[in-house]
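Novice: Dropping the structure in here first, questions after.
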Amino acid sequence: MSDREIRREGGPERGRYALDLGGGAEAELTWVARGDARVATHTGVPRAHEGRGHAAALVCAMVEDAEAQGFRIVPACSYVALWARRHPEKAALFA
């Protein structure tokens with residue numbers, strides 16, 4: 001998993017979690033608000049950086065925020081849906 005700092009960007013209606021991978025490369029997880037939930041719309045990691053846990057780190061950051069801030073995550077992104085299936089202990093955080 002990444003040891004770099006994940007940036008939280010955006011406002012109350014939409015935002016993203018971003019991770020600088022060096023050399024101008026960046027991984028991101030984007031979301032939009034829907035009521036009391038956040039819809040995870042896209043997770044992207046450049047091909048050269050795949051398989052290193054960056055996408056999982058982004059989802060973990062969103063899960064941590066959901067726990068702290070009380071919102072639920074709607075996994076519209078296939079990777080976020082897969083992460084949720086692999087972590088049934090976090091099922092209460094997903095809509």
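Novice: Could you please let me know if VAL74 is surrounded by 14 or more Cβ atoms within 10 Å (Cβ to Cβ), within 14 Å of the chain's Cα centre (by Cα), assigned to a helix (DSSP H, G or I) and among the β-branched types (Val, Ile, Thr)?
Specialist: Values: surrounded by 14 or more Cβ atoms within 10 Å (Cβ to Cβ): yes; within 14 Å of the chain's Cα centre (by Cα): yes; assigned to a helix (DSSP H, G or I): no; among the β-branched types (Val, Ile, Thr): yes.
It is false that VAL74 is surrounded by 14 or more Cβ atoms within 10 Å (Cβ to Cβ), within 14 Å of the chain's Cα centre (by Cα), assigned to a helix (DSSP H, G or I) and among the β-branched types (Val, Ile, Thr).
Novice: On to the next question. I'd like the full set of residues that are out of contact with any Lys or Arg (no Cβ under 9 Å at 6 or more places or on another chain) and assigned to a helix (DSSP H, G or I), limited to region 77-90. First the steps, then the outcome.
Specialist: Here is the first cut: in region 77-90, the residues out of contact with any Lys or Arg (no Cβ under 9 Å at 6 or more places or on another chain) are 77-82, 85-90.
SER78, TYR79, VAL80, ALA81, LEU82, ARG85, ARG86, PRO88, GLU89, LYS90, listed by residue number.
Novice: Sort out which residues of region 8-24 are exposed (fewer than 14 other Cβ atoms within 10 Å of the Cβ) and assigned to a strand (DSSP E or B), and write them in order of number.
Specialist: Within region 8-24, the subset exposed (fewer than 14 other Cβ atoms within 10 Å of the Cβ) is 8-9, 11-13, 22-24.
Within region 8-24, ARG8, GLU9, GLY22 qualify.
Novice: Collect the residues in region 25-47 that are crowded, with 16+ Cβ neighbours inside 10 Å, farther than 14 Å from TYR79 by Cβ and touching a helix residue (DSSP H, G or I) at 6+ places or on another chain (Cβ under 8 Å), keeping them in residue-number order.
Specialist: Passing the criteria: only ARG38.
Novice: So which of GLU9, GLU67, GLU26 ends up being modelled with pLDDT of 95 or more and in contact with a Pro (Cβ under 9 Å, 6 or more places away or on another chain)? Lay out the reasoning, then the answer.
Specialist: On the way: GLU9 fails: in contact with a Pro (Cβ under 9 Å, 6 or more places away or on another chain); GLU67 fails: in contact with a Pro (Cβ under 9 Å, 6 or more places away or on another chain).
Testing whether each residue is modelled with pLDDT of 95 or more and in contact with a Pro (Cβ under 9 Å, 6 or more places away or on another chain) leaves just GLU26.
Novice: May I pose another question? What are the residues in region 37-71 that are touching a residue at least 40 places away in the same chain (Cβ under 8 Å), among the charged types (D, E, K, R) and part of a helix (DSSP H, G or I), if any?
Specialist: Within region 37-71, ASP65 is the sole residue that qualifies.
Novice: Any residue in region 2-26 that's charged (D, E, K, R): show its pairings with residues that are exposed (fewer than 14 other Cβ atoms within 10 Å of the Cβ) and part of a strand (DSSP E or B) at Cβ separation under 6 Å, as long as the two are six or more apart or on different chains.
Specialist: ARG16/GLU9
Novice: Condition test on ARG4, is it exposed (fewer than 15 other Cβ atoms within 10 Å of the Cβ), more than 15 Å from LYS90 (Cβ to Cβ) and modelled with pLDDT of 95 or more? Even if it seems obvious, please write down each step before you answer.
Specialist: On the way: exposed (fewer than 15 other Cβ atoms within 10 Å of the Cβ): yes; more than 15 Å from LYS90 (Cβ to Cβ): yes; modelled with pLDDT of 95 or more: no.
It is false that ARG4 is exposed (fewer than 15 other Cβ atoms within 10 Å of the Cβ), more than 15 Å from LYS90 (Cβ to Cβ) and modelled with pLDDT of 95 or more.
The values are calculated or read from the model by the stated rules, or taken from the named source; none is laboratory data. As the structure is a prediction and not an experimental result, all values here were calculated from the model. In this analysis, Cβ positions are derived from the backbone assuming ideal geometry, glycine residues included, and neighbour counts consider all displayed protein chains.
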